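S.K.: Below is a structure I'd like to ask you about.
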Amino acid sequence: MAAVRELRFVQHGDARGQLIAIESLSELVPFEVKRVYYIFDTTPGTVRGKHAHKALKQVLICVSGACTIECELPDGGKSEYRLDWPDRGLLIDGLVWRNMKDFSKDAVLLVLASEHYTEGDYIRDYATFRECAAAGNL
Ligand code: T46
């Protein structure tokens, strides 16, 4: 079942600053992390994403700066999330159309993924996404 969930990581702060620890197979990251990538130095005004995944689970964290994630679920429900602090995350599980936009100049969007990179898991055409959603077979 496709889902999007906002996450809040525990910040271990003291006089020296902040530290956040993230573990695989935990309540907030309910999968084994097989891949990590990060998006940075984005062109002003750019919109990335514009695709869905068939099965991939991911956690998105803007570890520097800020960006906005737009999500559309198979039932057509739309939501928007501003990630603007490293203790905030977004779990995107399965067939969710996503756009990333409004990146600040210093934005670094870190992504933890449940699988290695497989282009075959992407649905990059919006009409195909809607067809898959309607078929309900993913
Ligand atoms: C997603 C959002 C949040 C690789 O070679 N390996 C990788 O692990 C990834 C993620 C990408 N690539 C290549 C594929 C393209 O040639 O890097 C290039 C840019 O990828 P893409 O246009 O898919 O990037 P975004 O920012 O639109 O989407 C990415 C992820 O691909 C996607 O899974 O959910 O971030």
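The values are calculated or read from the model by the stated rules, or taken from the named source; none is laboratory data. Keep in mind it's a predicted model, so treat the numbers as computed, not measured. Glycine gets a Cβ as well: all are built from the backbone with ideal geometry, and neighbour counts include every protein chain shown. In case anyone asks, the SASA skips ligands and DNA or RNA and just uses the protein heavy atoms, side chains included. Shrake-Rupley method; radii C 1.70, N 1.55, O 1.52, S 1.80 Å.
S.K.: It is to be established whether one or more residues within segment 30-43 are modelled with pLDDT of 95 or more, closer than 22 Å to Glu131 by Cα and either within 16 Å of the ligand (Cβ to nearest atom) or in contact with a Gly (Cβ under 7 Å, 6 or more places away or on another chain) (or both).
M.R.: no
S.K.: Find all pairs meeting these conditions: Cβ atoms under 7 angstrom apart; at least six residues apart or on different chains; first residue within segment 62-76 and at positive phi; second residue surrounded by 17 or more Cβ atoms within 10 Å (Cβ to Cβ) and assigned to a strand (DSSP E or B).
M.R.: Correct list of pairs: Gly65/Val108.
S.K.: Taking the stated definitions as given, is Glu32 in contact (Cβ under 8 Å) with a residue 12 or more places away in the chain and either within 18 Å of Asp84 (Cβ to Cβ) or out of contact with any strand residue (DSSP E or B) (no Cβ under 9 Å at 6 or more places or on another chain) (or both)?
M.R.: So Glu32 fits the description; yes.
S.K.: Condition check: at pLDDT 95 or above, β-branched (Val, Ile, Thr) and outside any strand (DSSP E or B). Does Thr46 satisfy that?
M.R.: yes
S.K.: From Glu119, Glu80, Glu115, grab the single residue that is without any contact (Cβ under 8 Å) to a residue 40 or more places away in the chain and within 24 Å of Ser24 (Cα to Cα).
M.R.: Only one candidate passes the filter, namely Glu119.
S.K.: Scan segment 84-130 residue by residue and report those that are more than 9 Å from the ligand (Cβ to nearest atom), in contact with a strand residue (DSSP E or B) (Cβ under 7 Å, 6 or more places away or on another chain), basic (Lys, Arg) and open to solvent by 50 Å² or more (accessible area, probe 1.4 Å).
M.R.: Correct list: Arg88 only.
S.K.: Just a yes or no: is a residue in segment 57-64 in contact with a Cys (Cβ under 8 Å, 6 or more places away or on another chain) and within 27 Å of Ala134 (Cβ to Cβ)?
M.R.: no
S.K.: Of the numbered conditions (1) within 16 Å of the ligand (Cβ to nearest atom); (2) exposed (fewer than 15 other Cβ atoms within 10 Å of the Cβ), Ala21 fails exactly one; give the number of that condition.
M.R.: (1)
S.K.: So which residues in segment 62-81 are away from the ligand (no atom under 11 Å from the Cβ) and either among the β-branched types (Val, Ile, Thr) or closer than 12 Å to Glu6 by Cα (or both)?
M.R.: Val63, Thr68, Ser79, Glu80, Tyr81
S.K.: Taking segment 35-46 only, how many residues are touching a residue at least 40 places away in the same chain (Cβ under 8 Å) and open to solvent by 60 Å² or more (accessible area, probe 1.4 Å)?
M.R.: 5
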